[in-house]
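What follows is calculated from the coordinates using simple rules that are stated; it is not laboratory data. All of these numbers come straight from a predicted model, not from anything done at the bench. Positions of Cβ are backbone-derived with ideal geometry, glycine not excepted, and every protein chain shown enters the neighbour counts.
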Amino acid sequence: MNILVVGGGGREHAIVKKLSESSRVEKLYCTPGNGGISRYAECFDVSATDIDGVVALSKKLAVDMVVVAPDDPLVLGMVDALNAEGFRTFGPDKAAAIIEGSKVFSKDLMKKYNIPTAKYEIFSDSDSAIAYLKSENSYPAVIKADGLALGKGVIIAQNEAEAIEAVKSMIDGKQFGESSSTVVIEEFLTGPEVSVLSFTDGKTVVPMISSMDHKRALDNDEGLNTGGMGTVAPNPYYTEDIAKECMEKIFLPTINAMKSEGRTFKGCLYFGLMVTPKGVKVIEYNCRFGDPETQVVLPLLDTDILDIFEAIYDERLSEIDIAWKNESCACVIMASGGYPQSYEKGKEIKGLDDKGQLDSAFVYHAGTKFEDGKFLTSGGRVLGVTATGADLSTALKNSYAAVEKIDFEKAHYRKDIGKRALAAL
């Protein structure tokens, strides 16, 4: 089969790499792709949000399946447009992608179907939001933009002044454009966070191996929030008992709730969870593979991913036996100095082979381009240096040993990825 993957980050590189391992895949295409992806798939210069452009490209290439990986095109309805033209797709349609596209929708869904989540209220004008904050007088408080904001639309306010500033900048100042014209104010939950990606065809849900993300830019979980500075899998806080609780109270109820709402979800549904003293609660849903969680989950998958994608499209996921390697995986993100604020691009990356790889690890490219035989930086998060091992400690050692062999000017990475996970073992 000939497959087109839509997107151009580390997550898409992980999907392309996994598809390249399938004996059933003949030709891989990606748009827009990046430097690393271009060594595994033929890349095109069509934006991931250009629905008409992607449909036209799919026709021109006569592909057998399109995998739509990022949130924006899913929420905009790219899958609907491709399905209307007869293409087999992987990813939810627009009606189902709203589970990530609107925080208000997802919170109301959880309330309606008794799916455990943080207490919340919704506001579209700053005066009533501020009045609510003052009446609750509970800090930290979590303030979220309703719509998509590149993973940055959440502010955790430590006191009333910070909370008022967050509300005003989101609602009145349109900090995240129309995405923040409505906000959700939530109670602050405490406990270890767990990410669980799941395959679902709308009837069956198959959780993947759990993972732990590291959002803050600096060691010891300090600094600004980022799109993720590293991940490990499996997550030691996700025990068998917790997995059972999640299946019973969260995973199946969510899939069934979406079906009841006439929004059957087919694709990868991401559950962002917190293990609180009062049980597991949902922090957020994503309508696609997480980034950089995908980079540690897919290397552990032992089943042909194309078989899974096809079974989901045909709604026969229950017929597939999905197997996993009994190993651990770690990913350390190498970012441009200054990320997540301003940073320079175009720095030459040294230490990689002509496929953008290293012998001892797999290097997922997130923000790179390939020019004149060289890999250059072209984004904030540049590389996801990933390694497996018999246990987490070995996987982390292998990953950091690989990081040492790679160099570019002002490269920045955290030195403590996996530290919390190791402490829990």
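Net charge in the neighbourhood of L74 (other residues with Cβ under 12 Å of its Cβ; Lys, Arg +1, Asp, Glu -1) is -2.
How high is the FRET efficiency from D307 to D219, r the C-beta distance, R0 60 Å, rounded to 0.05? Don't skip to the answer; put the middle values down first.
Values: r = 40 Å, r/R0 = 0.67.
About 0.90, to the nearest 0.05.
Annotation for A62 and E21: the two label points, set 7 Å from Cα along the Cα-Cβ direction, are 3.1 nm apart. For the pair F44 and T276, the difference between a 0.36 nm per residue extended length and the Cα-Cα distance amounts to 79.1 nm. Under the classification rounded if a/c is under 1.5, otherwise prolate if a/b is larger than b/c and oblate if not, where does the stretch 167-302 fall, given a ≥ b ≥ c as square roots of the Cα gyration tensor eigenvalues? Judged from the Cα gyration tensor, the stretch 167-302 comes out oblate (a/c at least 1.5, b/c at or above a/b).
May I ask you to order 308-316, 65-73 by the average number of other C-beta atoms within 10 Å around their residues, highest value first? Spell out each step's value before the answer.
Values: 308-316: 18.0, 65-73: 23.9.
Result, highest mean Cβ count within 10 Å first: 65-73, 308-316.
A Förster radius of 35 Å, combined with the Cβ-Cβ distance separating K397 from N256, puts the computed FRET efficiency at roughly 0.25.
Cross-link pairs exceeding 29 Å between alpha carbons, from the set K94/K152; K112/K325; K281/K410; K60/K152: K112/K325; K281/K410; K60/K152. Counting only aspartates and glutamates at least 8 places from K350 when in the same chain, those with an alpha carbon closer than 15 Å to its own are D359, E371, D372, E404, D407, E409.
Strictly over 21 Å apart at the Cα level, which of K111/K144; K103/K259; K215/K249 would you flag in this model?
Working: K111/K144 17 Å; K103/K259 18 Å; K215/K249 26 Å.
In this structure, K215/K249 lie more than 21 Å apart at Cα.
Of K27/K107; K27/K419; K244/K419, which ones are farther than 32 Å apart at the Cα? Distance filter (> 32 Å) returns K27/K107; K27/K419. Pairwise Cα separations in the stretch 86-245 fall into 5 Å bins from 0 onward with the following percentages, short to long: 2, 8, 13, 18, 19, 18, 12, 7, 3, 1, 0. Mean sequence separation of contacting Cα pairs (under 8 Å, at least six apart), scaled by the length of the stretch 25-86, corresponds to a relative contact order of 25 percent. Give the shape of the stretch 1-98 as rounded, prolate or oblate, defined through the alpha-carbon gyration tensor: a ≥ b ≥ c are the square roots of its eigenvalues, a/c under 1.5 means rounded, and otherwise the shape is prolate if a/b is larger than b/c and oblate if not. Because a/c hits 1.5 or more and a/b exceeds b/c, the stretch 1-98 counts as prolate. Sorted largest first, the principal axis extents computed over the alpha-carbon atoms of the stretch 254-295 equal 33, 29, 10 Å.
Between the C-alpha center of the stretch 177-203 and that of the stretch 49-79 there is a gap of 25 Å. Of F251, F362, F44, which is the most mobile in a GNM of the chain whose springs link Cα atoms less than 10 angstrom apart? Among F251, F362, F44, the largest GNM mean-square fluctuation belongs to F44. The trypsin sites (Lys or Arg not before Pro) of the stretch 162-214 that DSSP puts in a loop, and whose beta carbon has at most 16 other beta carbons within 10 Å, are K174, K203.
Among the chymotrypsin sites (Phe, Trp or Tyr not before Pro) found in the stretch 124-208, those both in a DSSP coil and sparsely packed, with 14 or fewer other Cβ atoms within 10 Å of their Cβ, are F188.
Rounded to the nearest whole Å³, what is the per residue volume of the convex hull around the Cα atoms of the stretch 279-425? Walk me through the numbers before you get to the answer.
Numbers: hull volume 24.4 nm³, N = 147.
For the stretch 279-425, the hull spanned by Cα atoms encloses 166 Å³ per residue.
Please say if the stretch 93-167 is rounded, prolate or oblate, where rounded means a/c under 1.5 for a ≥ b ≥ c the square roots of the C-alpha gyration tensor eigenvalues, and otherwise the choice is prolate for a/b larger than b/c and oblate otherwise? Prolate is the answer for the stretch 93-167, as a/c is 1.5 or above and a/b outweighs b/c. Straight Cα distances below 16 angstrom link K266 to the aspartates and glutamates D71, D80, D93, E100, D201, D307, E310, D314, E315, E319, with same-chain residues fewer than 8 positions distant left out. Charge tally around K355: other residues with Cβ under 14 Å, Lys/Arg +1 each, Asp/Glu -1 each, net 0.
For the chain, the mean residue ellipticity at 222 nm estimated from helices alone is -8000 deg cm²/dmol, where every DSSP H run of n ≥ 4 contributes -39500 (n - 2.57) and the total is divided by all residues, rounded to the nearest 500.
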